[in-house]
Structures are given as C-alpha cells and as structure tokens.
Amino acid sequence: QVQLVESGGGLVQPGGSLRLSCAASGSISRIALMGWYRHTPGKQRELVATITRDNNTNYGDSVKGRFTISRDNAKSTVYLQMNNLKPEDTAVYSCNAVLLLEQYWGQGTQVTVSS
C-alpha cells in the first residue's frame, strides 16, 4: 500500500511559478509509474504528467514546455515544477502512483492562477 501527500499548492499570478511535491510512504523506487492529474468541477480529470521508474516522462498537451515532472527516490518524492502558469491551470492537482496494478491517490492540492 502507498500513501501520498501533496503540498505546494496556492495562489499565484498568471506567468508565475509553483512547485508541487508528492511525498510517498516507503520507497518510490518500487513504484513503476507516478504522476500528476488535475480536476476542475464540471470537467473530466486531466493528465498533467507522468514519470516511470526509469525516468521516462509524459505530459499532457496543455502543459508541454511549461511543466516538468521529476522524482527523487532518496526522498520518496515526486515533484511538479509549473512555470508560466495560466488561469486555465487552476485546478485541484492530485498525485497518483501505480504499484502492482493498484492505483493510489493523494488528497489533492489546490492551485489557483489569478491576478
């Protein structure tokens, strides 16, 4: 079982940056795939970025070139660096882990981009 705790959300102006963190219980080196998803009321949950155990990354089209996902196995943490934020990036961002075909989710952290 994996427990995930996100942090780093908040209010930021358009064009600003935030870094989200997802701390996992236990070693994340055993976790094949971790990622970030976001959800806005009235919309489907959207893929933001994923990273494999081998550090292969994948990004949603709307964040390519602006967001970067990374993982630090020693700290059991996955990060999402978000640059050039736009109002449409406003959402609850949730961390996801896939371990032995089971999916685990964090509680989510709110990101609001507004002037």
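The values are calculated or read from the model by the stated rules, or taken from the named source; none is laboratory data. Quick caveat, the model's predicted, so the values are computed rather than measured. Every residue, glycine among them, receives a Cβ derived from its backbone with ideal geometry; neighbour counts consider all protein chains shown. Side chains are part of the model used for accessible areas, which takes the heavy atoms of the whole protein and leaves out ligands, DNA and RNA. Shrake-Rupley method; radii C 1.70, N 1.55, O 1.52, S 1.80 Å.
Scanning the range 50-67 for residues that are more than 16 Å from LEU99 (Cα to Cα) and open to solvent by 30 Å² or more (accessible area, probe 1.4 Å) returns ASN56, THR57, ASN58, TYR59, ASP61, SER62, LYS64, GLY65.
Restricting attention to the range 27-45 and to residues that are touching a residue at least 12 places away in the same chain (Cβ under 8 Å) and among the polar types (S, T, N, Q), the residue that is nearest to ASP61 (Cα to Cα) turns out to be THR40.
A residue that is in contact (Cβ under 8 Å) with a residue 60 or more places away in the chain, basic (Lys, Arg) and out of contact with any Phe, Trp or Tyr (no Cβ under 8 Å at 6 or more places or on another chain) can be found somewhere in the range 64-87. Only one of the numbered conditions (1) surrounded by fewer than 15 Cβ atoms within 10 Å (Cβ to Cβ); (2) farther than 16 Å from SER94 by Cα; (3) at pLDDT below 95 is violated by GLY15, and that is (3). Give the number of residues within the range 68-115 that are modelled with pLDDT under 95, open to solvent by less than 30 Å² (accessible area, probe 1.4 Å) and over 11 Å from the mean Cα position of the chain (by Cα). Here the count works out to 2.
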